[in-house]
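Visitor: After the structure tokens below, expect a handful of questions from me.
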There are 6 protein chains.
Amino acid sequence: MTDAISRFPVPRQEELPDDIRARILAVQEKSGFVPNVFLVLAHRPDEFRAFFAYHDALMEKPGGLSKAEREMIVVATSAGNHCLYCVVAHGAILRIRAKDATISERVAVNVREADLPPRQRAMLEFALKVAHESHAVCAADFEDLRAQGFSDEDAWDIGAIAAFFALSNRMAHLTGMRPNREFYAMGREAAPARG
Amino acid sequence: MTDAISRFPVPRQEELPDDIRARILAVQEKSGFVPNVFLVLAHRPDEFRAFFAYHDALMEKPGGLSKAEREMIVVATSAGNHCLYCVVAHGAILRIRAKDATISERVAVNVREADLPPRQRAMLEFALKVAHESHAVCAADFEDLRAQGFSDEDAWDIGAIAAFFALSNRMAHLTGMRPNREFYAMGREAAPARG
Amino acid sequence: MTDAISRFPVPRQEELPDDIRARILAVQEKSGFVPNVFLVLAHRPDEFRAFFAYHDALMEKPGGLSKAEREMIVVATSAGNHCLYCVVAHGAILRIRAKDATISERVAVNVREADLPPRQRAMLEFALKVAHESHAVCAADFEDLRAQGFSDEDAWDIGAIAAFFALSNRMAHLTGMRPNREFYAMGREAAPARG
Amino acid sequence: MTDAISRFPVPRQEELPDDIRARILAVQEKSGFVPNVFLVLAHRPDEFRAFFAYHDALMEKPGGLSKAEREMIVVATSAGNHCLYCVVAHGAILRIRAKDATISERVAVNVREADLPPRQRAMLEFALKVAHESHAVCAADFEDLRAQGFSDEDAWDIGAIAAFFALSNRMAHLTGMRPNREFYAMGREAAPARG
Amino acid sequence: MTDAISRFPVPRQEELPDDIRARILAVQEKSGFVPNVFLVLAHRPDEFRAFFAYHDALMEKPGGLSKAEREMIVVATSAGNHCLYCVVAHGAILRIRAKDATISERVAVNVREADLPPRQRAMLEFALKVAHESHAVCAADFEDLRAQGFSDEDAWDIGAIAAFFALSNRMAHLTGMRPNREFYAMGREAAPARG
Amino acid sequence: MTDAISRFPVPRQEELPDDIRARILAVQEKSGFVPNVFLVLAHRPDEFRAFFAYHDALMEKPGGLSKAEREMIVVATSAGNHCLYCVVAHGAILRIRAKDATISERVAVNVREADLPPRQRAMLEFALKVAHESHAVCAADFEDLRAQGFSDEDAWDIGAIAAFFALSNRMAHLTGMRPNREFYAMGREAAPARG
């Protein structure tokens, strides 16, 4: 048991390159705290910049997937990879974006028991296939997505988010990244009426 | 998406045998709600009685394991089995008994990242071995537990709790049991100071 | 190599609570010997009582499954779990109840090669799904069972037997339970005419 | 359910090449029946000849392994491959050669629970590694065998028997080969005194 | 790193039985070098003879599969078994027989990405099923092959080649067989025009 | 069979943003052809920029790993993921950087049979752990790397390359990316003297 958030050195604020410090301060401003992923990856500024550029290109872009749906992909695939940081941090964001206090555990523990609409179930099954057996992705998978109303550009988005968090989960495990305590408590109050 | 808590008929209160109704009312009195496992399993009164007798024999007995540790075993092995009901319901109980708002996700997602003391880490590794590859349990496993201060009676308790929830997880999946909404929100406020 | 039937202390007859001694004597009367599961689990009287109450609630109850079919479920799922005690003990009971000297090995080694009628094949496939990937049980599985003439109550029975022996197999592995020699020889003589 | 012993045509005795008919008659003379593997593989005479030449080169040769030990390798690896024919047929031969009515089930269900002497346990662990993850065989495995008194030539024998039955199990599954009823009953009477 | 081609003694030419020396000299005459499998297996002359008799019975016989298709089966299943010798040696033969410099890597890395015609894709899927989960082979697999124009005798050939190389791969791993350097360079020049 | 290099639209040169066209022309200048990954990912310019920025931050940076060693990590982990594009393209680069015509197949098929020096063997085992079971990465893994002379910064590099190609392999599978024919033939001539 330790308070360390990384196996690697975590730079102090004054050591950071200006652009990275600016991004971190902006996040702190907005969220009230600095998610540890920013501090842990700042140990490698070039990788930090590429990581968040990639993240934003997938998670902040317009497109057919809602922001909550993108977070569902992150939580489902990260749970499959047993990544504590991503399940906890993106579980919090998912609860807030979906306005649903129960959604993150439902998605993380068992997509089949999550009582999702068919569209989101199909989305997550494709994401999990990309995450865990991408070599078997085939034309029929795209057909299944189209049958649920997803365009091929949506399919790219689903698969690319799963692919990016395959990277992200592995970096969290490599660095021993630990989630901020704040994430555990976020979005717990708004459980909609369900069974 | 459905509000059903079971694939099978759920008896109304007036249909229940007296002893089962009494137990259910006692739980409701104590908890403020009736956990769905009581209602779902009441469809089969004889199995209900045996199930809770077994549960109490393991979870309420005295012994070397704290009540929080017993719940840790339930959460870790149920997460390995992707059982939404048990992860959510016993995750709530674990947070309350451990007085730790972050413990259930830490244990459910990845025991290796849970930052547990060596005793609890060894306890959960044995429990997971019983849950997922019990045919490989051997004398060396008992040695490892003794090295952490567990008696052989404690080893029985750890293994038997893992074994009982192997049954319980499967009954939850068989019946399509859904966790009560109340569990998701319980014990979220008391996060101790950690990274 | 050892003659021990358990890793844990096995109570002498005079140490047993009256109800447990009575049950053991009744079994001995009927079978001519005491199956080791009774002696091994008697180390924990409360768990013993719950275990056999649960066992009897599933294996002795009336219902759509024949007694031989219930034993087929035990043998198939216990073989999947590599549980020597249950395969040998229930293999013996299966041979006797099915009046078929070859059935236990056929079911234990490979259900697909067991040359079973479609009803029993479907029953065992569902039991194996509950035993090994219960988180994937879904509505379509119940449809498949209905197509073979099973009611939903039968489906509960199949799944609950698989679930109970998930517990039982793990207890056998935890305790190092060894089958009585008598089981190996029982029911070997009545092979019906098959290839 | 069918009485067919193969998915492929089984030649009548008068259709067989002389050498193959002679071998089959010799087996029948000795055993009192013709094991189905001879009839099923006779569909391809050249493969039949190579198969049994290979079999005899491994199973009938002199060397450090007893005949019973060779059959233990066959039963353990064939059970791992879920091959009904080989488990049943070689289980019968094993019981007879080992003069032990319980040995075949002990080895087939769980080598760890078979209560074997360390030499035979090590032998079977190496055989199972060759059968199921041969790409991981390494120098340390040979050291482990030497520590139990096996020469490197014995190691070849153990591994080659596992390799040959990797072929044999797959041919049995390809052809749908079914074991003769006689095998199930052989060697059941001589259980030595064990727990 | 070592130049050894086997963990076991490799006989010098003058130590070889006449028939084995003759076969080796004939191969050397034809190929310009002696593939290491001949030298490594010559340590056991009886097994050598059976091995190559079996090999020739499957790989040199007439039938519905082209010689290139047989090599495709070898490469695909050997890659699944992580067998360096067979992937490299038979990859070379496959490139030459198929007159395609890219075919061996396409088949070895991912059959689904190999851009094969449906007939060859079906052939390899059946071969991989025999290689990796032969206990699940069933009547529907033969139907699928017939739908692609394969006779049942072709199905035997496909399955038997997969079965034989299950043996061969394991012998290569047991002996630590290393591929000749010559194989790596063979057939690299003839890449047909593809993406 | 198709000549398509992607399931998604591939932009024509004149459609490309200036910076991306410039990068592609520079690669073509240097290599004599445009590797398909540049054309396939150009469908999404923002992701293209982040992808290659990340790639260069890991593969072009100074550090304790040679360029050939970085390519070994790519080939080993991509083979584990069955990614044809990355195995073929980076296999070519690896052969050239290592000046070894046999290294790519040795690393791709079975790291254990690749006859690598202990340092590179340890490097690849860590990379494969990050690729396939990163949740189990622990302090002992870093100790093992230090014992082979790797600094913790080297460990980050090894793990981060494995993590980046976890993303890359999944993008190749998502898009159906096919390797250029040129890669298959590159670096085949320089096999050093090995068994």
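Visitor: For the stretch F:1-138, give the percent of accessible area contributed by carbon and sulfur heavy atoms, probe 1.4 Å, rounded to a whole number. Walk me through the intermediate numbers first.
Guide: On the way: 2780 of 5230 Å².
It is 53 percent, rounded to a whole number.
Visitor: Now for a different question. Check chain D for me: any Cys whose beta-carbon has no other cysteine beta-carbon within less than 4.7 Å?
Guide: If one checks each Cβ against the other cysteines of chain D, D:Cys138 turn up with nothing under 4.7 Å.
Visitor: Could you give each residue of the stretch E:37-46 its phi-based ³J(HN,Hα) in whole Hz, using Karplus coefficients 6.51, -1.76, 1.60 with θ = phi - 60°, and x for Gly or Pro?
Guide: Going residue by residue, I get 4, 5, 6, 5, 6, 5, 4, 10, x, 5 Hz, with x marking Gly and Pro.
Visitor: Can you list the distances in nanometres, one decimal and ascending, from the F:Arg21 label point to the identical position in each other copy, with the point 7 Å along Cα to Cβ?
Guide: 3.9, 7.2, 8.2, 8.2, 9.7
Visitor: Give the long-range amide H neighbours of E:Ala101: residues separated by 5 or more places, or on another chain, with amide H under 5 Å away, using H modelled in the peptide plane at 1.01 Å from N.
Guide: Placed amide hydrogens put E:Ala190, E:Ala191 under 5 Å from E:Ala101.
Visitor: With the cut-off at 1.5 for a/c, could you classify the stretch D:1-58 from its C-alpha gyration tensor as rounded, prolate or oblate?
Guide: Details: a/c = 1.42, a/b = 1.29, b/c = 1.10.
Rounded, because the longest to shortest axis ratio a/c is under 1.5.
Visitor: Scan around A:Leu65 for amide H atoms under 5 Å from its own, H built in the peptide plane at 1.01 Å from N, and keep only partners 5 or more places away or cross-chain.
Guide: Residues meeting the amide H criterion: none.
Visitor: Further question on the same structure: Where a ≥ b ≥ c are the square roots of the eigenvalues of the C-alpha gyration tensor, would you call the stretch B:80-195 rounded, which needs a/c under 1.5, or, failing that, prolate if a/b is larger than b/c, or oblate? Let's see the in-between values first.
Guide: On the way: a/c = 2.34, a/b = 1.25, b/c = 1.87.
Here the stretch B:80-195 falls in the oblate category.
Visitor: Report the dimensions of chain A along its three principal axes from the alpha-carbon atoms, largest first, rounded to Å.
Guide: 52, 37, 32
Visitor: About its Cα centre, what dipole magnitude does the stretch A:55-195 give when the only charges are +1 on Lys and Arg Cβ and -1 on Asp and Glu Cβ, stated in debye to the nearest 20?
Guide: Details: 17 positive and 19 negative charges, 109 e Å.
Around 520 debye, computed over the stretch A:55-195.
Visitor: Enter the accessible area per residue of the protein assembly as shown (Å², integer; probe 1.4 Å; all protein chains in place).
Guide: On the way: 41810 Å² over 1170 residues.
Averaged over the residues of the protein assembly as shown, the accessible area is 36 Å².
Visitor: Sticking with this structure for a sec: In whole percent, what relative contact order does the stretch E:78-179 give with Cα contacts below 8 Å and a gap of six or more residues?
Guide: Details: 77 pairs, mean separation 37.5, N = 102.
That works out to 37 percent.
Visitor: Next up: Per the Kirkwood formula on distinct C-alpha pairs, the Rh of the stretch F:97-162 is how many angstrom? Please list the in-between numbers first.
Guide: Numbers: mean 1/r = 0.0804 Å⁻¹.
It is 12.4 Å.
Visitor: In the stretch B:1-79, which trypsin sites (Lys or Arg not before Pro) are in a loop and have at most 14 other Cβ atoms within 10 Å, using DSSP for the loop call? Please report the intermediate quantities before stating the final value.
Guide: Numbers: sites: B:Arg7, B:Arg12, B:Arg21, B:Arg23, B:Lys30, B:Arg49, B:Lys67, B:Arg70; in loops: B:Arg7, B:Arg12.
Hits after loop and neighbour filter: B:Arg12.
Visitor: Gain in length, B:Gln28 to B:Ala4, computed as 0.36 nm per residue apart minus the alpha-carbon separation, to one decimal in nm? Don't skip to the answer; put the middle values down first.
Guide: Numbers: separation 24, 0.36 × 24 = 8.64 nm, distance 1.96 nm.
Working it through step by step, the gained length comes to 6.7 nm.
Visitor: If you plug each phi of the stretch F:108-117 into the Karplus form 6.51 cos²θ - 1.76 cosθ + 1.60 with θ = phi - 60°, what whole-Hz ³J(HN,Hα) values come out, in order, with x for Gly and Pro?
Guide: Values per residue, Gly and Pro as x: 6, 7, 6, 4, 5, 9, 7, 6, 9, x Hz.
Visitor: Interface size between chain E and chain F, please: total buried accessible area, 1.4 Å probe, rounded to the nearest 100 Å². Mind dumping the intermediate values first?
Guide: Working: alone 10520 and 10520 Å², together 17910 Å².
It comes to approximately 3100 Å² buried between E and F.
Visitor: Additional query: Please work out the ratio of the alpha-carbon Rg of the stretch A:1-107 to 2.2 N^0.38 Å and round it to two decimals. Show your work: numbers first, answer last.
Guide: On the way: Rg = 14.8 Å, N = 107, 2.2 N^0.38 = 13.0 Å.
Compared with the compact-globule rule of thumb, the stretch A:1-107 sits at 1.14.
Visitor: Work out from phi, with θ = phi - 60° and the Karplus expression 6.51 cos²θ - 1.76 cosθ + 1.60, the ³J(HN,Hα) of each residue of the stretch F:8-22, listed in order in whole Hz, and give x for Gly and Pro.
Guide: 10, x, 10, x, 6, 3, 6, 7, 6, x, 4, 5, 6, 4, 5
Visitor: Next question. Using per-residue counts of other Cβ atoms within 10 Å, averaged over each peptide, order A:129-140, A:170-181 from highest down.
Guide: The packing order, highest mean first, is A:170-181, A:129-140.
Visitor: Starting from a label point 7 Å past Cα on the Cβ side, list the distances from B:Arg146 to the same position in the other copies, nm, shortest first.
Guide: Sorted ascending, the copy-to-copy spacings read 3.2, 3.2, 5.6, 6.2, 6.5 nm.
Visitor: Considering only the other residues whose Cβ falls under 13 Å of the Cβ of C:Arg146, what net charge follows from Lys and Arg at +1 and Asp and Glu at -1?
Guide: Numbers: positive: B:Arg7, C:Arg119; negative: C:Asp141, C:Glu143, C:Asp144, C:Asp152, C:Glu153, C:Asp154.
The answer is -4.
Visitor: Starting from one equal scatterer on each C-alpha and no solvent at all, send me the Debye-based log10 I(q)/I(0) for the stretch B:79-134 at q = 0.19 Å⁻¹, two decimals.
Guide: At q = 0.19 Å⁻¹ the computed log10 ratios are -0.68.
Visitor: Then there is this: Can you give the Rg to Rh ratio of the stretch E:46-113, both from alpha-carbon atoms, with Rh computed by the Kirkwood formula? It would help to have the intermediate numbers written out before the result.
Guide: Details: Rg = 12.3 Å, Rh = 12.4 Å.
For the stretch E:46-113, the value is 0.99.
Visitor: Can you tell me the relative contact order of chain E? Whole percent, Cα pairs under 8 Å, sequence separation 6 or more. Walk me through the numbers before you get to the answer.
Guide: Details: 223 pairs, mean separation 59.9, N = 195.
With pairs under 8 Å counted, the relative contact order is 31 percent.
Visitor: Ok, one more. What shape does the stretch C:128-192 take by its C-alpha gyration tensor, where a ≥ b ≥ c are the square roots of the eigenvalues and a/c under 1.5 counts as rounded, a/b above b/c as prolate, and the rest as oblate?
Guide: Working: a/c = 3.44, a/b = 1.51, b/c = 2.28.
It is oblate, given that a/c is not under 1.5 and a/b is not larger than b/c.
Visitor: For the rotation that superimposes chain A on chain C, which residue of A has the C-beta lying nearest to the axis, and at what distance in Å?
Guide: A:Glu133, 9
Visitor: Same structure, new question: Just to be sure I follow: if Rg is taken over the C-alpha atoms of the protein assembly as shown and Rh is the Kirkwood radius over the same atoms, what is Rg/Rh?
Guide: Working: Rg = 30.8 Å, Rh = 32.0 Å.
Radius of gyration relative to Kirkwood radius: 0.96.
The values are calculated or read from the model by the stated rules, or taken from the named source; none is laboratory data. All figures in this text were calculated on a predicted structure; none of them were measured in a lab. As a convention, Cβ positions derive from the backbone with ideal geometry for all residues, glycine included, and neighbour counts pool all protein chains shown. SASA here: full protein model, heavy atoms, side chains in, ligands and nucleic acids out. Shrake-Rupley method; radii C 1.70, N 1.55, O 1.52, S 1.80 Å.
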